[in-house]
Amino acid sequence: MIEQIIDYHLAHEGISRVVKILHCHRQFLGIDLDPSQHQKLCHKYTTLVEDKVIACREINGASLFLQSYHKDSHFFVVSGTPEDELRRIVTQRGLADYFEAVYGSPRTKDVIVREILDELELPRHQCLFVGDAMTDYHAAMATDIPFIGRVNKCEVGPFPEGTPMVGDLKALAEYLLCA
């Protein structure tokens, strides 16, 4: 059963843990969580991971990329992580000044991206969605934005054949210079 849960999680990276917790309990354990139980499990998950995410190593080239490009570009974080937690993480990592806004669940990525595009009247062909999960790819496709997958160097990546991919943000900067 643990293998099934891990497979589900990996196949649905980028989807809110709030949704995953409900699904896994119902689908794999046969448990319909009441709102109180669900909230306790979500809180427990947050307490287990938030400090670790704040303390983890950055993706190679991230700081330099953000420092180099944030003044001339609109940067946003769009994630399946709960929004309040995500904002704490971005702030604690010292990254808040690089982003115009930080958005997370419960709204879905495509909804958030549409709102950003509409509010700022950004031409889609001048935007770029960089993501590491299929939900990122799907949000980019649903909003007609060019997409680049960010994958670990040792991974093939979950994206369809022909999708541009980079291993880190140093490679993204090089890709953008060549584009």
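The values are calculated or read from the model by the stated rules, or taken from the named source; none is laboratory data. Quick caveat, the model's predicted, so the values are computed rather than measured. Note that each Cβ is placed from the backbone with ideal geometry, even for glycine, and that neighbours are counted across all protein chains shown.
Per-residue answers, yes or no, for (1) more than 23 Å from HIS138 (Cα to Cα); (2) in the same structural domain as CYS127 (by TED's automatic domain parsing); (3) not hydroxyl-bearing (Ser, Thr, Tyr):
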residue	(1), (2), (3)
HIS12	no, no, yes
GLY30	yes, no, yes
LEU33	yes, no, yes
CYS42	yes, no, yes
THR46	yes, no, no
ASP51	yes, no, yes
GLN67	yes, yes, yes
VAL78	no, yes, yes
ASP97	yes, yes, yes
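Take the residues in region 13-33 that are of a type in the set (D, E, K, R) and in contact (Cβ under 8 Å) with a residue 12 or more places away in the chain; name whichever of them is surrounded by the fewest Cβ atoms within 10 Å (Cβ to Cβ).
So the residue we want is GLU13.
If I ask for residues that are over 30 Å from GLY94 (Cα atoms) and part of a helix (DSSP H, G or I), which ones from region 22-55 would you list?
LEU22, HIS23, CYS24, HIS25, ARG26, GLN27, PHE28, LEU29, PRO35, SER36, GLN37, HIS38
Considering only region 35-72, state which residues are under 19 Å from the mean Cα position of the chain (by Cα) and within 30 Å of LEU120 (Cβ to Cβ).
Result: GLU50, VAL53, ILE54, GLU58, ILE59, ASN60, GLY61, ALA62, SER63, PHE65, LEU66, HIS70.
Is it the case that HIS125 is of a type outside the set (Lys, Arg), touching a helix residue (DSSP H, G or I) at 6+ places or on another chain (Cβ under 7 Å), over 28 Å from HIS43 (Cβ atoms) and loosely packed, with under 14 Cβ neighbours inside 10 Å?
no
When the residues of region 135-151 are filtered to those that are among the charged types (D, E, K, R) and in contact (Cβ under 8 Å) with a residue 60 or more places away in the chain, which remaining residue is farthest from ASP118 (Cα to Cα)?
ARG150
Just to be sure I understand, how many residues within region 68-84 are assigned to a helix (DSSP H, G or I) and either without any contact (Cβ under 8 Å) to a residue 12 or more places away in the chain or closer than 23 Å to ILE112 by Cβ (or both)?
Selection size over region 68-84: 3.
Of THR91, THR135, which residue is under 17 Å from the mean Cα position of the chain (by Cα), in a helix (DSSP H, G or I) and surrounded by fewer than 18 Cβ atoms within 10 Å (Cβ to Cβ)?
Only one candidate passes the filter, namely THR91.
Could you check how many residues of region 41-56 are under 10 Å from ILE21 (Cβ atoms) and either of a type outside the set (Phe, Trp, Tyr) or surrounded by fewer than 14 Cβ atoms within 10 Å (Cβ to Cβ) (or both)?
Number satisfying all stated conditions: 3.
If LEU122 satisfies every condition in (1) more than 16 Å from the chain's Cα centre (by Cα); (2) in a strand (DSSP E or B) but one, which is the exception?
(2)
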